[in-house]
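The values are calculated or read from the model by the stated rules, or taken from the named source; none is laboratory data. Predicted model only: the values in this text are computed from it and were never measured. Heads up, the Cβs are rebuilt from the backbone with ideal geometry, glycines too, and the neighbour counts pull from every protein chain shown.
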Amino acid sequence: MEQQRVALVTGANRGLGFEISRQLAAAGLRVVTAARELRPAEKAAASMPDGRGVPLRLDVRDTRRIPVAVAEVLDDLGRIDVLVNNAGILIDATESISEVPEGVVRDTLATNVFGPLLMIQAVMPAMRRQAYGRIVNMASTLGSFADITDPESPYAVVDSPAYRLSKGALNLLTVLAARELSGKDILVNSACPGWVRTDMGSDRAPVAVEDGADTPVWLATLPSGGPTGGFFKERAPVPW
Ligand SMILES: NC(=O)c1ccc[n+]([C@@H]2O[C@H](COP(=O)([O-])OP(=O)(O)OC[C@H]3O[C@@H](n4cnc5c(N)ncnc54)[C@H](OP(=O)(O)O)[C@@H]3O)[C@@H](O)[C@H]2O)c1
């Protein structure tokens, strides 16, 4: 019998991370609900359907903890089939590029780029051994060159330079990782969930969290031969 697939979702305690975890568990995967603190990770794990949640304490800015945490999961569960790099911050809603403090840019890149990079590096050996993997990076239209150079974009009025830099870099990370893994059944893609009603998206956002989670869950469960190195929104490719 095929072993039950294991997914690891960062920032799984609330917002999109929680909903992605719930949908993956409902689809039959065991889901490691990773959160900065153990309590919220345990609470999220306990909410997963059919007891499929496994808690993990993991702050993606804790660079030394990342490989240790991944090793703990591999010791406990034997495999990691899916990584959803969901944890992210947006802490520069109002600043312009000329004013954004260096520390805000560094903090944003630490969580939104270095976290996913180190997570990918940590899970890659297991995925290569298994000859199977699905990696989903939670990107954003705000990190798209096509969008930022489009004067008609609805996001033309949004600054958030640190966040935009981070999500643009995350998209490049997707392409670089996909290229290194090409020819293997390890598919790496970026997802834009849309503007979603979460703490980050606010209650003004038009997209429900259940719908925002759909594309990342679809990418996390792609069949063999599915796309890799792409950027998707509503299950369709979007320009970088
Ligand atoms: N909402 C949108 O409209 C939207 C649009 C495009 C892309 N996205 C992306 O989708 C992802 C999830 O967004 P969201 O709307 O669900 O945001 P959210 O409601 O603000 O939730 C963010 C999650 O990330 C976690 N997190 C932050 N820093 C972390 C760290 N250092 N280590 C581990 N976890 C950390 C938070 O944990 P704590 O509870 O401990 O803070 C929380 O679980 C993000 O990458 C975001 O950029 C969202």
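Given the residues THR198, THR228, which is the only one that is part of a loop (DSSP other than H, G, I, E, B), out of contact with any Phe, Trp or Tyr (no Cβ under 7 Å at 6 or more places or on another chain) and surrounded by 21 or more Cβ atoms within 10 Å (Cβ to Cβ)?
Numbers: THR198 fails: surrounded by 21 or more Cβ atoms within 10 Å (Cβ to Cβ).
Of the residues listed, the single one that is part of a loop (DSSP other than H, G, I, E, B), out of contact with any Phe, Trp or Tyr (no Cβ under 7 Å at 6 or more places or on another chain) and surrounded by 21 or more Cβ atoms within 10 Å (Cβ to Cβ) is THR228.
No other residue among ASP185, ASP199 is closer than 24 Å to ALA7 by Cβ, within 13 Å of the ligand (Cβ to nearest atom) and more than 15 Å from the chain's Cα centre (by Cα) apart from ASP199. Every test in (1) within 17 Å of ASN85 (Cβ to Cβ); (2) among the aromatic types (Phe, Trp, Tyr); (3) over 17 Å from the mean Cα position of the chain (by Cα) is passed by TYR163 save one, and that test is (3). Contact map, the range 139-150: residues that are closer than 9 Å to ARG164 by Cβ and surrounded by fewer than 16 Cβ atoms within 10 Å (Cβ to Cβ) paired with residues that are of a type outside the set (Phe, Trp, Tyr) and at pLDDT below 95, Cβ distance under 7 Å, separation 6+ or inter-chain. No pairs are found. If only residues of the range 202-223 that are in a loop (DSSP other than H, G, I, E, B) and either touching a residue at least 40 places away in the same chain (Cβ under 8 Å) or within 17 Å of the chain's Cα centre (by Cα) (or both) are counted, the one that is surrounded by the most Cβ atoms within 10 Å (Cβ to Cβ) is ALA213.
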